[in-house]
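The values are calculated or read from the model by the stated rules, or taken from the named source; none is laboratory data. In this text, all values refer to a predicted model and were calculated from it rather than measured experimentally. Methodologically, a virtual Cβ is constructed for each residue, glycine included, from the backbone with ideal geometry; neighbour enumeration extends over all protein chains shown.
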Amino acid sequence: MGERDLVIDCEALTRSFPAGVALDALTLDARPGEVLALLGPNGAGKTTTMRLLNGVLLPDSGRASVLGLDPWTQGEELRRRTGVLTENAGLDERFTALENLEFVGRLRGMTEQAARKRGMDLLERFDMGHRADVRVQGFSTGQRKRIALARALLHDPELLFLDEPTSGLDPAATRDVVDLIGSLAADHGRTVVLCTHFLGEAGKLASRMAVLFRGVLHAFGTPGDLAAELWSRFEVRLDLGAPAAPPLIAALTSLPHVHEAVATERGAIVFTSARDDVPSVVAACVRERSTVFGVDPRDPNLEDVYFALEAQAARSRSTPAPDLVGAFSAEVPS
Ligand SMILES: Nc1ncnc2c1ncn2[C@@H]1O[C@H](COP(=O)(O)OP(=O)(O)O)[C@@H](O)[C@H]1O
Ligand SMILES: [Mg+2]
């Protein structure tokens, strides 16, 4: 894919606030029609990233092209083509649901009629048609989110920035919103940048994920890439009928790609680089005259990856991150 086809292309974006660095040399990209998740705990820099890319916040340094525009000199033009769901939906309490949409539609240059029709269509699609003419004052968090999402979509933007779209929602409302976001990208070709601290949401929706901790990008790739790259977490559980004896543990540990072997009640857990290492693990058991009753190789899941990254980030807090990014994106040793 050529650079010009990228919806977002940013390099070394850095932004500090008086309290410290909120975003440290962020480089990433988004392709047309993908859901890109910015994943990380509170304070990771997700909202800052989103605001920079939408041109409402200036960077200290770095460069970005979003929909082919420079967000900081062509922000107005850019924002006519992007839709934003901010963390706290920010609706006008005095207005009805539909009036809130109409108001923003007019700001975006739509005719009153067009804004009204499109607004009503969206409210109906989000199951809020019956509340169109009710003031938003008494609305639940879930209802507000839906109206805010409708508002973000009103002018049919090519690129959507959704900041914590499911925070404060109950499980049913969360599922609805997640399904809706999925269909925006899959059925309507929209590109979505999704900020979330919910791993499950990112894993379900995102084609690629950027994992941020304290302003530093620690991993960027498909959920599968991220899991595969975290090589040391490939876990093989061995059922040997009894705890692995020290000589076997030593033999396992000395294998080329084995990082660690730990005896368990019925055998051992071996941490290797990849699934390809399983045969050599079993062969070592046989050589050591252990009876292998069962082999259970377990691919790392996203949760493993996320927590391993978080631990890595915590360990590196005193030392800067570039080496970590390198270590993480390094090829799996073979
Ligand atoms: N407008 C601001 N003024 C001062 N500090 C800010 C501002 N926006 C963000 N920060 C700080 O930058 C860091 C990253 O914040 P943010 O991007 O909101 O993280 P996230 O969205 O991942 O929770 C935090 O330490 C936050 O306090
Ligand atoms: Mg945020």
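Overview of values
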item	result
Some residue of segment 54-68 being near ligand 1 (Cβ under 9 Å from one of its atoms), assigned to a loop (DSSP other than H, G, I, E, B) and of a type outside the set (Asp, Glu)	yes
Within segment 66-90, considering residues that are of a type in the set (S, T, N, Q) and within 20 Å of the chain's Cα centre (by Cα), the one farthest from residue 145 (Cα to Cα)	82
Some residue of segment 226-238 being at negative phi and without any contact (Cβ under 8 Å) to a residue 40 or more places away in the chain	no
Among residues of segment 36-53, those that are near ligand 1 (Cβ under 9 Å from one of its atoms), of a type outside the set (Gly, Ala, Ser), modelled with pLDDT of 95 or more and not in a helix (DSSP H, G or I), counted	1
Condition check for residue 192: of a type outside the set (Ser, Thr, Tyr) and in contact with a His (Cβ under 7 Å, 6 or more places away or on another chain)	no
Qualifying residue in segment 36-50 (condition: more than 20 Å from residue 216 (Cα to Cα) and away from ligand 2 (no atom under 14 Å from the Cβ))	no
Within segment 51-107, considering residues that are within 16 Å of ligand 2 (Cβ to nearest atom) and of a type in the set (Gly, Ala, Ser), the one surrounded by the fewest Cβ atoms within 10 Å (Cβ to Cβ)	90
